[in-house]
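Taking it in order: structure first as structure tokens, then the write-up.
Bear in mind these aren't lab numbers, they're just calculated from the coordinates by the rules spelled out. What you see is a predicted model, and the numbers here were worked out from it, not measured in a lab. Positions of Cβ are backbone-derived with ideal geometry, glycine not excepted, and every protein chain shown enters the neighbour counts.
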Amino acid sequence: MSTIIMAAVWPLQGMSAAQKAVLVSLADQANDDGACWPAVDTIAMRTCLSERAVQEALRWLQVTGAVFRQYRENKSSVYTVTPQGYDPAKAPDKRARTKADTGADGAPPADSAPGAVGAPGGAGGAPGGGKSRTPGVQEAHRGVANGAPKSSNEPSLNRKGTVNEPSPAAAQPGGDGDDAARKEAYQQACRDTWTAYEQAYQQRYGTTPVRNAKVNTAVAQIVKRLGAMEAPQVAGWFVACVNEAFVVKRCHAVGDRHRQP
């Protein structure tokens, strides 16, 4: 969770409770750049909303500039929370909202062009889970089902049978560079967790703890289970505050952390 993004999101007004719940859920999972990639069903579970309600809230947040969404082939969408770009005046009038100004899949209007703050990442911004109503896409579905080769002009389909939206020409959050950034952030969290554990261990036992491949694996599991922010704090607390006889007898071995509630 990024406290920077969360602090910027809470004061925002002019949205429904469902829209605010989805936005807060994204901010809660975002890094300091505002990026996160939860699945729609995960957001629905966290907010106690239906998946349809989550999709509608996401589209509204895109249109108003509070969220930038990039669709990725065979992967969860990348959402970038952009509270600085939020403008509730951009929201379409529900009474005037028609298929012409929302697109075939209920996507944001065409004036939310890629590259603009809060604009969707793919052409038309259509969600990957919807069934296309356009003739060209329907023909592409039938061609794949019949084993016919696809023309280079036909839209490509992913393994779920939905259309893969093309990526924007300009580099956007959630591109190839994000994989390296996430990997580096994860490795940094592992280093921070070990440092917190090592410092607490030296203070309690007056010596340096053993570190090997098995210990590194245990540290990585702790980071995956607890998250980058909580793992270092829990590692230090485990050595300094846990005084169960079994744990103390083993000198607070890293693997014993998994036995704690």
Subtract the Cα-Cα distance of residue 91 and residue 202 from 0.36 nm times their separation in residues, and report this length gain in nm to one decimal. 34.3 nm
Taking other Cβ within 10 Å of each residue's Cβ, how do 76, 2, 50 sort, fewest first? 50, 76, 2
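Set the bar at 24 Å for Cα to Cα. Now go through 20/224; 75/214; 183/249; 20/183; 183/224; 90/183 and name every pair that lies beyond it.
Values: 20/224 27 Å; 75/214 31 Å; 183/249 35 Å; 20/183 30 Å; 183/224 12 Å; 90/183 36 Å.
As for pairs spanning more than 24 Å Cα to Cα, those are 20/224; 75/214; 183/249; 20/183; 90/183.
How high is the FRET efficiency between residue 250 and residue 41 when r is their beta carbon distance and R₀ equals 35 Å, given to the nearest 0.05? Walk me through the intermediate numbers first.
On the way: r = 40 Å, r/R0 = 1.15.
FRET efficiency, residue 250 to residue 41: 0.30.
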Any residue on another chain or 5+ positions along whose placed amide H is under 5 Å from the amide H of residue 66 is listed here as 87
Quick one: if you stick a label point 7 Å off each Cα along the C-beta vector at residue 48 and residue 10, how many nm between them? 2.0 nm
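Counting pairs of alpha carbon atoms under 8 Å apart in space and at least six apart in sequence, what relative contact order in percent does segment 176-259 give? Don't skip to the answer; put the middle values down first.
Numbers: 58 pairs, mean separation 30.4, N = 84.
About 36 percent, as a whole number.
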Along the Cα-to-C-beta direction of residue 76, a point sits 7 Å from the Cα; which residues of segment 33-52 have their amide N less than 13 Å from that point? 35-47
